[in-house]
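Undergrad: Attaching a single structure in structure tokens format; questions to follow.
The values are calculated or read from the model by the stated rules, or taken from the named source; none is laboratory data. What you are looking at is a predicted structure, and each value in this text was computed from that prediction instead of being measured. Neighbour counts are summed over all protein chains in view; Cβ atoms, including those assigned to glycine, are modelled from backbone coordinates with ideal geometry.
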Amino acid sequence: MDLRVDRQPFLDRARRARLTWLSNPNNPTGELLTFDYVEALAGATAGILVLDEAYYEMSGVTGLPLIDRMPNVVVVRTLSKAFGLAGARVGYALAGPAISEALRRVRPPGSISVLSAALAVESLTDLKGMRERVERITSERTRLQNELAGLGLEVRESAANFLLVRAGRRLAPVLLRSGLVVRTFPAGSLLADFIRVTVRLPQENDRLIAALQAAKTPTG
């Protein structure tokens, strides 16, 4: 099954759109589009192009250089992933003067708490720690992908901190009984037979591997 973005039709639709939102890498497939494609997309649309780069630190691909020459581009990021601040709910936008001013006018006062702001500042001063965390995640992502593929499961390439796995709908309840929660998708959707698993600590990933192996092993 081809779950990749259909590039030309997507670009054609963006030409007529007032706002185009592109998650890169994509969630939940993990697909990463090239800078060249993002640049072509930004040049094709007369509307606003929002680049959701929640997983940028893991992918290394960003549309940020486009902002200086394409005033319709906005890059949004979060500290929830690579910086490990999911509970703080802190994100930020990068854009040219016109869009930045428009965002400033509509941003509500006190949009983040004093504690969240302090945590964000502290995290942004520890880039070495963030890079070490990302290195651990990407290393474990490769290992987990190889282990799951070794079980005969279809695992999609991912540039994020998760993997999309074609495991069948019956496996999610089995994993839940083992205390493992995975993301599932609605019946009838293109992803109905897939689960999305987050790359975690090695011992937690080992639990997932063991549970999937046990679920796939015939009994009796």
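Undergrad: From Ala211, Ala167, Ala160, grab the single residue that is crowded, with 17+ Cβ neighbours inside 10 Å and under 14 Å from Asn27 (Cβ atoms). Reasoning before the result, please.
TA: Working: Ala211 fails: under 14 Å from Asn27 (Cβ atoms); Ala167 fails: under 14 Å from Asn27 (Cβ atoms).
Going through Ala211, Ala167, Ala160 in turn, just one is crowded, with 17+ Cβ neighbours inside 10 Å and under 14 Å from Asn27 (Cβ atoms): Ala160.
Undergrad: I've got another one for you. Determine whether region 92-110 contains at least one residue that is closer than 18 Å to Ala14 by Cα and modelled with pLDDT of 95 or more. Steps first, answer last, please.
TA: Of region 92-110, the ones closer than 18 Å to Ala14 by Cα are none.
The answer is no; no qualifying residue exists.
Undergrad: Residues to consider are Arg4, Arg15; find the one that is surrounded by fewer than 21 Cβ atoms within 10 Å (Cβ to Cβ), basic (Lys, Arg), touching a helix residue (DSSP H, G or I) at 6+ places or on another chain (Cβ under 7 Å) and without any contact (Cβ under 8 Å) to a residue 60 or more places away in the chain.
TA: On the way: Arg4 fails: touching a helix residue (DSSP H, G or I) at 6+ places or on another chain (Cβ under 7 Å).
Residue meeting the stated conditions: Arg15.
Undergrad: Give region 116-133 a look and list any residue that's without any contact (Cβ under 8 Å) to a residue 40 or more places away in the chain, of a type in the set (S, T, N, Q) and in a helix (DSSP H, G or I), or say none.
TA: Ser116
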